[in-house]
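Remarks on the structure that follows.
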Amino acid sequence: MPALSSRTAASAAARPKPAADDPLWVKLLVSFAALSFLVVFLAVPLAAVFVEALRKGLAAYFDSFRHPDAWAAIRLSLLVAGIAVPLNLVFGLAASWAIAKFEFRGKSVLISLVDLPFAVSPVIAGLIYVLVFGMQGWFGPWLAAHNIEIIFAVPGVVLATIFVTFPFVARELIPLMQEQGIEEEEAAILLGASGWQTFWRVTLPNVKWGLLYGVILCNARALGEFGAVSVVSGHLRGRTNTMPLHVEILYNEYNAVAAFSVASLLALLALVTLVLKTLVEMRMKSHQTEEHAAPGGTGAGR
Amino acid sequence: MTLSGAPSLKRRSVLPGFGLTLGYAVLYLSLIVLIPLSALFFKTATASWDHIGRTLSDPRVLNAFRLSVGASLAAAAVNAVFGLAVAWMLVRYRFPGKRIIDAFVDLPFALPTAVSGIALTAVYDQNGWIGRWLYAAGMPSTNSSLGVALALTFIGLPFVVRTLQPALEDLDPEVEEAAASLGAGRLSTFLYVIFPAIRPALLTGFTLAFARALGEYGSVIFIAGNMPMKTEIVPLVIVMKLEQYDYTGATAIAAAMLVLSFVLLLAINGLQWWTARHRAAR
Amino acid sequence: MSIQVRNITKTFGNFVALDRVSLDIPDGELVALLGPSGSGKTTLLRIIAGLEGFDPYEDSEILFDGQNVARQNVGRRKVGFVFQHYALFRHMTVFENIAFGLRVRPRGSRPTRSQIRERVGELLELIQLEGIENRYPAQLSGGQRQRVALARALAIQPQVLLLDEPFGALDAKVRLGLRRWLRRLHDEIHVTSVFVTHDQEEALEVADRVVVMNQGRIEQVGTPDEVFHQPANAFVMDFLGNVNLFRGRMEAGRAVFGALVFEPPPGAVIDGNTARLLVRPHDLEIHARGDGHVGLEARITRIQSAGPVVKIELATDSNESVFVELSHERFRQRPHAVGESVVVAPRDSRIFVEEYTI
């Protein structure tokens, strides 16, 4: 192919081509494979949610939210996230403070244990609470005798949600705080600040974006958890149904429009999550580059 | 000169709050995670071996394990191939809308699994936008193991891309330039220079996608049709046992699956440890 | 405020960072802790600050003006500490950084807003950085950060100022200017100051008193003149500048280095012991062979005359390298050439006799 090779040589002479650049046909092939994969698996299903929800028009769409059960599900989901996220936030702060700012034996074990819930199937996450609090479980008879409901009630839903969202905040904060070291805190203490002042004025502002990132992910999962919650909720309409469970019930009743309408609300939340997450990521990245690109900042890149 | 005072758990530090935060973290971890999880193993330990054996050797359960493992492997493999293409495109190429596509990759993390489940079913069933073509080609994409694999591919998609991206970004362009200057073509540069460098990340991503797929429930049960012996996944079998109040059976299956997950987790940690050591040695 | 360190030991696992160290620092002095990395100097500084604990032997204590501070709350010690990498609060402006120590005071003793503003203004003037108080640390150069860190430490009117490798992270030019500035600053404010450095030149130029440390021990304490001209041992002499080392033996009560024979220092005059002759390059003379001078025979291998002094490298008959520094004036009067055979003789030297060689 003399013609082809001479042409590439000519274009190479005109503009030096970096060695790490792919030929055009490779670029097209890779991009085509990647984009069609993303379209088939992500874009089309996402579009389907909204198309199915609006299949019978806007009126039918908004009708789906009029039902009191739908409202109850939305309220319960917000309540559950409102309890689970703050609790896991406090845990994340406590765990990362202890792990990142101090040296102690058993630290690496503790770090692995924090991630444990991610390795557990959501269904199993629900099951273990049934084993502890269910009628046949450890505390079941005692709870029944005292008229306390956990399984097939809201507390069970909350517990299962806390379990599946457990690591989100901690796993963002631990590496971030470890990377930042303890010198700024030491400086604050030497300047006379108390422990609380050091935490609020020095540590927290330094990790606020990582914290927000963890909270966004934690919140998204708390609102959307299905498997774990499904095992412990008992599917009591209007009482223990979260939004995802409500979607399932409507879908199984062949009420597709209503199911997809509620689902579209969750999909919108997911999109908002992605946007927020991206914004926070950009923010964190610009912070990093700012610190690394500081003028004459020989001491900054540690 | 005598030494007074006992050695403590931690090195002395001027920062306060160690006891409080560690104590709280361990307490919370125990109450939420460790104690409930241990219930699973106590329950299994107190059950009769006979019952456990019968449960696990039930053909329906065995079939579920076969399907879960098989479909998860297939999904992770598809993700390894196409995830590499996506990561490569996002890291190497410049094009408008890149940031949006990059953010979009995380959709399976953000979308509630029940929503993914019904959305995938709508797209892949007999009258769905894509399903109609697959059905016409003789590949029923719902109520089949293909459907299960499709859902698991969706759920595992971000793992491979997200573990590969940093590995690709870390590649030193000088190494490729050196390879090119030594006369290597693009293909041999990829095979002998780039691929070995990203192989650990690819393997980690594959394992993460596989582990996630094994335990997945919400996005699968709608598309799978849940036909006994055919399209039942392990988590579904656990839920069914629970609904029949067969707690021992549910627990036995769950324990078996948990052990499988932990082995995978250990493998991932070992892999990451190995990679870190490998990197440090460079 | 004076500082007394008494019998401080610090171990990390099996590693002994400090081995029963005692040190007196008089009020108002500027003291350098000088030593190679791993000598324990930073550990000692952090222990004085209270950032690090020490092994709890009963006779171990740290006294500020005679008061034991071991049990005192670190925030109450009023220690100004400048970290090697400055540890500026990255999310605060220069102003907020400097004001931090004043703003976190308990309500009763906290200065008013205007007092804080005034105090920070004074400090900005002191560090010659007026006009940048609204910048963030990331927007400052290394030298500017260093000065902000110092101002932040001074804001709480510390009784003691501690600096960990204060110039370590800066490039050579900035470093030179800053250390002179620090010396002048200390002459102005006279707060007892201790700084850690591994750079002997820095220690000799800036400090009133130099503490030379090695392997968790203090080797010598003295003025820059004392430690340079009367080093207590071979380590101190070697660490404070370049030296030529000649190995010899004790024979018949004298230290013998080839053709050179010396009266040994008092004490330790046991025959057969190793003796070491340490000579600084500028204390060596080069003579033509055969003109009657006693010394070591050597051959010139290299001459470098670009620079403040002429550096000459020689090889002895046993092929050991010897370095000599001559003034340009002396070299012009009596030039040498590469390849020339000469006799090298010390004008001034130190002999250290050891019962074992390190």
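Where a number appears in this text, it was derived from the coordinates with a stated rule and is not lab data. Nothing here was measured: the structure is a model prediction, and the numbers come from that model. Note: ideal-geometry Cβ built from the backbone for every residue, glycine included; neighbour counts use all protein chains shown.
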Query raised in the report: Per residue of A:245-256, what is the mean number of Cβ atoms on other protein chains within 10 angstrom of that residue's Cβ?
Result: 2
Report task. For peptide B:33-44, compute the average count of partner chain beta-carbon atoms within 10 Å of each residue's beta-carbon. Result -> 6
**Report entry** Theoretical FRET efficiency, 1/(1+(r/R0)^6), r = Cβ-Cβ of A:GLU149 and B:VAL259, R0 22 Å, to 0.05
**Finding:** 0.10
Requested in this report: Please give, to one decimal in nm, the separation of the simple spin-label points placed at B:PHE195 and C:GLU297, each 7 Å out from Cα toward the Cβ.
Outcome: 6.9
Query - Peptides ranked, highest mean first, by Cβ atoms within 10 Å: ranges B:170-182, B:247-259 - result: B:247-259, B:170-182
**Report entry** 25 °C / 0.890 mPa s Stokes-Einstein diffusion coefficient of region C:204-348, Kirkwood radius on C-alpha pairs, µm²/s
**Finding:** 146
Query raised in the report: Roughly what % of Cα-Cα distances in region B:139-228 sit above 21 Å, to the whole percent?
Result: 50
**Report entry** At R0 = 22 Å, FRET efficiency that the Cβ-Cβ distance of A:TRP142 and B:TYR245 yields, to 0.05
**Finding:** 0.70
**Report entry** Directionally averaged shadow of region A:44-169, computed from the convex hull of its alpha-carbon atoms, nm²
**Finding:** 11.8
Query raised in the report: Hey, which of these cross-link pairs are over 23 Å Cα-Cα: C:LYS41/C:LYS311; A:LYS56/B:LYS98; A:LYS208/B:LYS98; A:LYS101/C:LYS10; A:LYS107/A:LYS285; C:LYS41/C:LYS173?
Result: C:LYS41/C:LYS311; A:LYS56/B:LYS98; A:LYS208/B:LYS98; A:LYS107/A:LYS285; C:LYS41/C:LYS173
Report summary line: Residues C:HIS229, C:HIS336 in order from fewest to most other beta-carbon atoms within 10 Å are C:HIS229, C:HIS336
Query - Largest-first principal axis extents of the Cα set of chain C (Å) - result: 82, 50, 33
Query - Computed E for C:THR112/C:GLU201 - FRET, C-beta separation, R0 51 angstrom, nearest 0.05 - result: 0.70
Report task. Read phi for every residue in region A:74-80 and hand back ³J(HN,Hα) as whole Hz from Karplus 6.51 cos²θ - 1.76 cosθ + 1.60, θ = phi - 60°, with x for Gly and Pro. Result -> 4, 4, 5, 4, 5, 4, 4
Report summary line: Taking A:203-210, B:191-198 and ranking on average Cβ neighbours within 10 Å, highest first, one gets A:203-210, B:191-198
Query raised in the report: What is the average number of partner chain Cβ atoms found within 10 Å of a Cβ in A:192-200?
Result: 6
Query raised in the report: Across 5 Å bins from 0, what is the distribution of all Cα-Cα pair distances for region A:56-95, in whole percents?
Result: 6, 20, 15, 14, 12, 10, 9, 7, 5, 2
**Report entry** Computed Kirkwood radius, in angstrom, where 1/r is averaged over Cα pairs of region C:72-146
**Finding:** 13.4
Report task. Report P(r) for region B:1-150: all Cα-Cα distances, bin width 10 Å, range 0 to the bin holding the largest distance, values in whole percent. Result -> 8, 17, 22, 21, 18, 9, 4, 1, 0
Report summary line: Using the Kirkwood formula on alpha carbons, the hydrodynamic radius of region A:117-176 in angstrom works out to 12.5
Query raised in the report: Label C:TRP181 and B:LEU34 with points 7 Å out from Cα along Cα→Cβ: what is the distance between them in nm?
Result: 5.2
Query raised in the report: Taking Cα atoms, how many degrees apart are the long axis of helix C:172-189 and the longest axis of chain C, rounded to 10 and kept between 0 and 90?
Result: 60
Requested in this report: Provide Rg over Rh for chain B; use the alpha carbon set for both Rg and the Kirkwood Rh (inverse mean inverse pair distance).
Outcome: 1.07
Query raised in the report: Using Cα atoms only, what is the angle between the long axis of helix C:113-126 and the major principal axis of chain C, expressed in degrees (0 to 90) to the nearest 10?
Result: 20
Query raised in the report: When DSSP beta bridges are limited to those with both residues in the protein assembly as shown, what percentage is antiparallel, rounded to the nearest 5?
Result: 75
Query - Listed residues C:ALA315, C:ALA49, C:ALA275, most fluctuating in chain C (Gaussian network, C-alpha, under 10 Å) - result: C:ALA315
**Report entry** Principal axis box of the protein assembly as shown, alpha-carbon based, largest edge first, Å
**Finding:** 114, 85, 64
Query - region B:130-282: proportion of alpha-carbon pairs further apart than 27 angstrom, % - result: 45
Query raised in the report: C:VAL256 versus C:ASP59, label points 7 Å from Cα toward the beta carbon: distance in nm?
Result: 4.3
Requested in this report: Could you please report the charge total around B:MET229, scoring K, R as +1 and D, E as -1 over all other residues with beta-carbon less than 11 angstrom from its beta-carbon?
Outcome: +1
Requested in this report: Compute the convex hull volume of the Cα atoms of chain A, divide it by the residue count, and report the result per residue in Å³ as a whole number.
Outcome: 248
Query raised in the report: What is the distance in Å between the Cα centres of region C:145-217 and region B:120-191?
Result: 58
